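So the structure is just underneath, and the comments pick up after that.
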Amino acid sequence: MEFMSLEELNADQRIIDVIKKRGIERLNPVQTEAVKKGLMEGKRLLITSPTGSGKTLMAELGMISFLLKEGGKAVYVTPLRALTAEKYNTFKDWESLNFKVGMSSGDYDSDDEWLRNYDIIVTTYEKLDSLWRHKPSWLKDVNYFVLDEFHYLNDSDRGPVVESVAVRAKKKNILALSATISNYAKISSWLGADAVTTNWRPVPLKEGVIVQDRRKCQVIFQDNLTLTLNGSDAIIAYTLYTIEKGGQVLVFRNSRKMAETTARKIAAEMEKAPLNDKELLEVANRIKDVDDAGGNEKEELYNLSLKGVVFHHAGLSKGLREIIENAFRERKLKVIVATPTLAAGVNLPARVVIVGDMYRYNRKILGYQEEIPIMEYKQMSGRAGRPGYDDYGESLIVLRNKRDIEKIFEKYILSDPEPIESRLGNESSFYTFLLGILSTEGGLNKNEIYDYSHQTLLDREIVDDYLEKGISWLNENDFIEERDEKFRLTKFGRKVSDLYVNPFTAKTIRDYLSRAETSCELAYFHLLAYTPDGPSIGVSRAEQDQLIDEAYCPLFIDEPDDEDELYEYLSALKVALIVKDWIDEVDEDIILERYSIGSGDLRSIVETMDWLTYSGSHIAGVIEATEHSRKLEILNKRVKDGVKEDLIPLVQISGVGRKRARLLYNNKITTPEDIVMNPEKVKALLGQKIGEKIAKEAAKLIAGLH
DNA sequence: GATAGGTTGCTTTAGACAGCATGTC
DNA sequence: CTAAAGCAACCTATC
């Protein structure tokens, strides 16, 4: 274990100053090794090391020293919008060296060309992929790419994009950062990079299992240390044990419901725990005052937080999630019981991590529970141990059965994660990849497409197979055309690539719309939700029969016979009904109740349908289905803000949402002009301060139109 | 006859990226 | 292609 001093680093003094300002005195062993392997000289590296081993600083050293020497731009890519925002904030430190930092993702989006003003751009894999297709002028100035959380390459949904980005990025200088992977040698040689691999962690990790044995729980650590606790529930017993000793606990469960009930059970036992009621009351009030709709989860979280225990999953609104994460970081909340959301994502360590379930239901195969990937376990256990607070972290796997002990130790604790492999080997991903390269590169002949495709991680034979099929499929379906032996995107293909929708989504939309007359709102939503890009949502047994009755108008798609397809069809119908309620201005809490979804779910459905209505409208435009296009355009405006058509002019004003707009409209203020004309009335309706602000925004909007 | 506690049968099951216009976080 | 936990309705023992 070698720690390099900042003096030895031999870097520009301004770099040292920034690092020192953060309270960092020396480089840790991972960082030291990376520096020795040429990080500061712009050497191509693949760094695989555990969570919290200071990979971000390595990326910064790499980027900054490269920019100082070579000029140009650096792009830092992450798989999550939350990570993009987090990195953006840390990289702001480098503005003292006159490097301008920008970010671009679905959340915080900049105009493509505007990004030229930045030296460091933080973005997501999908956004970068999309940028490449739009070819903004500055992209050729980027000579350094940092590919963060590179193990996402192995994700079946998102991996293909990571790989496409890597294929393009590796033509330039790259630094790939990844969790520990077993086949790093193969990956680094594919990337043309040197590998830096260590298992060094800033806080040591003690792993073990905890087994339920009647009224007692047996804890067995890796180092053979054992411990017996009283209690008939292993999770509760060890959580209480940890809290008594002043630690925080992160519990993982594999369903939302279980996360909630486990949180309730722990909270019920918290009477004897040492809690700071004043702090918790303050947290509880933050939860109560959150201004995005929290649904009925809000009240429950309020009560739970008074006991220092909360649950956390994607059904929660963004505001609630943030409050919980911050309060845990502030060490006010003692326990979070979460679904896998918190395993990846932003940094949120705890002294103890309890992995409650080693199996997960597989939605594709009935009755089949698969063991969770080792990588996923490592991501969870990696959250154990807070630097500066804990001497070591503990990660415990809960076992229901004694005879699993050895197997679990062998598989999860003593082994490396599974190798990461290409996920491009299926029609949908590969065809998307082909569309992407033709979009970026312009016209290519067959040989050039071959060469390009062989840059992927995929085996040659598989590439060749999909290539033939892909080219003819894209050709037959009018995404591409052949001219002078070169393949180019058609107008339709170009549009699909720009919209960033899956080609199968585009084909579905085009095929149905081109042969049908216009239909009702519900039918459009249903069609969009039924595509591969549509939101998927669970449909309960009881809902299934009801859904068909609620479809009040003819849909574009006929009811399928196949059972699985029928489920997809009904799921899309449920999405359609939710979005229909949303644009009919049904109160948010009523929607959540009616469809038993969380407010986070509603937000994500609306977000996706916003994108898809926009895309649908433009696809209809290209195939000259003008009526469809016009209808979808109006729906898009309504979905964005959740309003009926008459409110569209009002919600264009920033600060005016569905509720304020309806209030104004009911009082005969129906346009931005009305607001400017009657500022006093607006103030009377919305309050002095808000009214004033909105009047200003309305004036700005009108000015912008002229 | 009320009630605590058990049994049976049925149901449900994680997460989160993308366009554009806006101002430029 | 190998399940498990929650929940409501019903059942049973006990006082």
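Can A:LYS668 be described as more than 16 Å from DNA strand C (Cβ to nearest atom), assigned to a helix (DSSP H, G or I) and open to solvent by 40 Å² or more (accessible area, probe 1.4 Å)?
no
With the condition kept exactly as written, say whether any residue in segment A:584-607 is at pLDDT 95 or above, of a type in the set (Val, Ile, Thr) and assigned to a helix (DSSP H, G or I).
Yes.
Taking segment A:132-149 as the search range and keeping residues that are in a helix (DSSP H, G or I) and of a type in the set (D, E, K, R), which one is least open to solvent (accessible area, probe 1.4 Å)?
A:ARG133
Determine the pairs where a residue that is among the β-branched types (Val, Ile, Thr), located within segment A:176-197, has a partner that is open to solvent by 50 Å² or more (accessible area, probe 1.4 Å) and assigned to a loop (DSSP other than H, G, I, E, B) with Cβ atoms under 8 Å apart, the partner being 6 or more residues away or on another chain.
Within 8 Å, the pairs are A:THR180/A:ASN199; A:THR180/A:ASP416; A:ILE181/A:ASP416; A:ILE181/A:PRO419; A:VAL196/A:LYS37.
Would you pick out the residues in segment A:246-272 that are more than 24 Å from the chain's Cα centre (by Cα), among the aliphatic types (A, V, I, L, M) and open to solvent by 10 Å² or more (accessible area, probe 1.4 Å)?
A:ALA268
Looking at segment A:81-131, which of its residues are more than 10 Å from DNA strand B (Cβ to nearest atom) and part of a helix (DSSP H, G or I)?
Once the filter is applied, which keeps residues that are more than 10 Å from DNA strand B (Cβ to nearest atom) and part of a helix (DSSP H, G or I), segment A:81-131 yields A:GLU86, A:LYS87, A:THR90, A:PHE91, A:ASP93, A:TRP94, A:GLU95, A:SER96, A:LEU97, A:ARG116.
Could you tell me how many of the residues in segment A:548-573 are surrounded by 19 or more Cβ atoms within 10 Å (Cβ to Cβ) and of a type in the set (A, V, I, L, M)?
4
Please name all residue pairs, on different chains or six or more residues apart, with Cβ atoms under 6 Å, provided the first residue is in segment A:24-38 and is in a loop (DSSP other than H, G, I, E, B) and the second residue is crowded, with 19+ Cβ neighbours inside 10 Å and among the hydrophobic types (A, V, I, L, M, F, W, C).
A:LYS37/A:VAL196
Just the residues that are open to solvent by 30 Å² or more (accessible area, probe 1.4 Å) and among the aromatic types (Phe, Trp, Tyr), please, taken from segment A:495-546.
A:TYR500, A:PHE504, A:TYR512, A:TYR530 - these are the residues of segment A:495-546 that are open to solvent by 30 Å² or more (accessible area, probe 1.4 Å) and among the aromatic types (Phe, Trp, Tyr).
Listed here are the residues, each with its yes/no results for (1) in contact with a helix residue (DSSP H, G or I) (Cβ under 7 Å, 6 or more places away or on another chain); (2) open to solvent by less than 50 Å² (accessible area, probe 1.4 Å); (3) not assigned by TED's automatic domain parsing to the domain that holds A:MET58.
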| site | (1), (2), (3) |
| --- | --- |
| A:HIS151 | yes, yes, no |
| A:SER156 | no, no, no |
| A:ILE220 | yes, yes, yes |
| A:THR242 | no, yes, yes |
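If you take the residues in segment A:341-373 that are open to solvent by 30 Å² or more (accessible area, probe 1.4 Å) and among the charged types (D, E, K, R), which one is farthest from DNA strand B (Cβ to nearest atom)?
Of everything passing the filter in segment A:341-373, A:ARG351 is farthest from DNA strand B (Cβ to nearest atom).
Could you please find all residues in segment A:574-585 being within 14 Å of A:ALA661 (Cα to Cα) and open to solvent by less than 30 Å² (accessible area, probe 1.4 Å)?
Matches in segment A:574-585: A:ILE583 only.
Can A:PHE492 be described as open to solvent by 30 Å² or more (accessible area, probe 1.4 Å) and touching a residue at least 60 places away in the same chain (Cβ under 8 Å)?
Against the criterion (open to solvent by 30 Å² or more (accessible area, probe 1.4 Å) and touching a residue at least 60 places away in the same chain (Cβ under 8 Å)), A:PHE492 does not qualify.
The rows are residues; the columns are (1) closer than 16 Å to A:ILE509 by Cα; (2) at pLDDT 90 or above; (3) among the hydrophobic types (A, V, I, L, M, F, W, C).
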residue	(1), (2), (3)
A:PRO532	yes, yes, no
A:ARG541	no, no, no
A:CYS553	no, no, yes
A:ILE557	yes, yes, yes
A:GLU563	no, no, no
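Would you point out the residue of segment A:58-88, among those that are aromatic (Phe, Trp, Tyr) and out of contact with any Asp or Glu (no Cβ under 8 Å at 6 or more places or on another chain), that is nearest to DNA strand C (Cβ to nearest atom)?
Per the stated criteria, the residue is A:TYR88.
The values are calculated or read from the model by the stated rules, or taken from the named source; none is laboratory data. The shown structure was predicted, so the numbers you read here are calculated from the model rather than taken from an experiment. When we count neighbours, we look across all protein chains shown, and the Cβ atoms used for this are built from the backbone with ideal geometry, even at glycine. Side chains included, ligands, DNA and RNA excluded: accessible areas come from the protein's heavy atoms. Shrake-Rupley method; radii C 1.70, N 1.55, O 1.52, S 1.80 Å.
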